[in-house]
Structure formats: structure tokens, C-alpha cells
Ligand SMILES: Cc1cc2nc3c(=O)[nH]c(=O)nc-3n(C[C@H](O)[C@H](O)[C@H](O)COP(=O)(O)O)c2cc1C
């Protein structure tokens, strides 16, 4: 049994990447894991201001939802990060969250990661977004990227239901 944290980064609740999160969770739950999904856009997360205060105090000076999210990231065995592709990148909500891991990112240690992205275009248009996620996990000690779900060809909310990415996300969740 693993503790799986799913960070659903889209501003569209029930949108394509969020649907893929639910598929992953369905598989992971069926396999007997404990899952929790956080809607990043519902969280109060300020921008990192690079004030550097966290270097000495080990925590951010901003009193918002990020400290609780960091606790969960440090405690999880598996972290799933999901985003829509916006101009070839992850969305601002997800990037803001990543930047705010600065006080404790070295404690996010030995985790398995899965990445989920949704885009109107094809898989090739998603690589830079996945590279962005990989840039984050490259900074974490012992992080392993175990799988990537490419939710390509999905523009309108729900388009992804016609995609084979649905099954892929479910299977990845089941094997997590
Ligand atoms: C601001 C913005 C920028 C976008 N940029 C891209 C892009 O660069 N490439 C692409 O294929 N789709 C792009 N899209 C389309 C979304 O990636 C697509 O609608 C996706 O399914 C959204 O995922 P979601 O439903 O999980 O939010 C963009 C959409 C928005 C709102």
C-alpha cells in the first residue's frame, strides 16, 4: 500500500488532465493504495519572491496553503503532477507550486513520480511541458519518473474521454 498524492494543476475542474488524474486514482485505489487529490487552483499559493529567508528558517515566510502541501509531498510515496499544456509549458498554477517547494525540496526524497499533461495538439507538442516537470524532479534527491500520460488531441473539456490516454492513466495508477 502506497500513499499517493495527486496534484491536479488545471484551472478546469473536470477538464482533460483532471479526468486523467481520476483515471489514475481509480487504478491506484483498486490496487489498494491510499490516494489524495489536491486541486491546485483552489489552494492559496503565493509566488516565490526569492527573499531567501527559507535558507535559514527552513520554511517560507508566506502563511498560505503551501506549507500543508509541502508536508504532504514530503510524506507521499508517489506524486502525480498533472497540467494542461499552455503555450508549450505547464500552467502557472503548477509552476507556482513547484517554485514554492524551495524551502523543503531536498526533503522530497526517493519518490516515484508520474506526469500527466493534456493538450489540443499531438504528443510532440507536449515534450517541453514534460521537460519542465523533469527539470523539477531532476532537482530532487532520488526521484524516479515512472510514467508519463500524454493526453494529446484534447481541446474541449471532456475530449480526452475518446483517447487511449484514459486506459493508460488507469493502468499506470494500477501499477503505481
Ligand atoms: C492559455 C492556453 C494556452 C494553450 N496552449 C496550448 C498549446 O501550446 N498547445 C496545445 O496543444 N494546446 C494548448 N491549449 C489547449 C489546452 O492545452 C487544452 O484545452 C487542454 O485540453 C486543457 O487541459 P485541461 O482540460 O486539463 O485544462 C491552450 C489553452 C489555453 C487556455
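The set of residues from the range 161-170 being under 25 Å from residue 34 (Cα atoms) and in contact with a strand residue (DSSP E or B) (Cβ under 9 Å, 6 or more places away or on another chain) comprises 165, 166, 168, 169.
The residues in the range 85-109 that are part of a loop (DSSP other than H, G, I, E, B) and more than 13 Å from the chain's Cα centre (by Cα) can be counted, and the count is 8. Pairs meeting the criteria (first residue in the range 113-126 and touching a residue at least 24 places away in the same chain (Cβ under 8 Å) and within 16 Å of residue 15 (Cα to Cα), second residue near the ligand (Cβ under 9 Å from one of its atoms) and assigned to a loop (DSSP other than H, G, I, E, B), beta carbons under 6 Å, at least 6 apart or on different chains) are 117/85; 118/154; 119/85; 119/152; 120/155. Summed over the range 127-155, the residues that are over 18 Å from residue 15 (Cβ atoms), crowded, with 20+ Cβ neighbours inside 10 Å and within 12 Å of the ligand (Cβ to nearest atom) give a count of 0. Residue 98 passes every criterion in (1) touching a helix residue (DSSP H, G or I) at 6+ places or on another chain (Cβ under 9 Å); (2) within 13 Å of the ligand (Cβ to nearest atom); (3) closer than 16 Å to residue 129 by Cβ apart from (2). Considering the conditions (1) in contact with a strand residue (DSSP E or B) (Cβ under 8 Å, 6 or more places away or on another chain); (2) within 17 Å of residue 149 (Cβ to Cβ); (3) within 16 Å of the ligand (Cβ to nearest atom), residue 124 is excluded by exactly one of them, (1).
In this structure, does residue 93 turn out to be touching a helix residue (DSSP H, G or I) at 6+ places or on another chain (Cβ under 7 Å) and at pLDDT 95 or above?
On the way: touching a helix residue (DSSP H, G or I) at 6+ places or on another chain (Cβ under 7 Å): yes; at pLDDT 95 or above: yes.
Considered against the rule, which asks whether it is touching a helix residue (DSSP H, G or I) at 6+ places or on another chain (Cβ under 7 Å) and at pLDDT 95 or above, residue 93 comes out as yes.
Inspection of the range 108-116 finds no residue satisfying the criterion of being within 15 Å of the ligand (Cβ to nearest atom), out of contact with any helix residue (DSSP H, G or I) (no Cβ under 8 Å at 6 or more places or on another chain) and more than 27 Å from residue 56 (Cα to Cα). Residue 128 satisfies every condition listed in (1) part of a helix (DSSP H, G or I); (2) on the phi > 0 side of the Ramachandran plot except (2).
Among the criteria (1) under 13 Å from residue 102 (Cα atoms); (2) over 17 Å from the mean Cα position of the chain (by Cα), the one residue 67 does not fulfil is (2).
The values are calculated or read from the model by the stated rules, or taken from the named source; none is laboratory data. If you're wondering where the values come from, they're calculated on a predicted model, not measured in any experiment. Glycine gets a Cβ as well: all are built from the backbone with ideal geometry, and neighbour counts include every protein chain shown.
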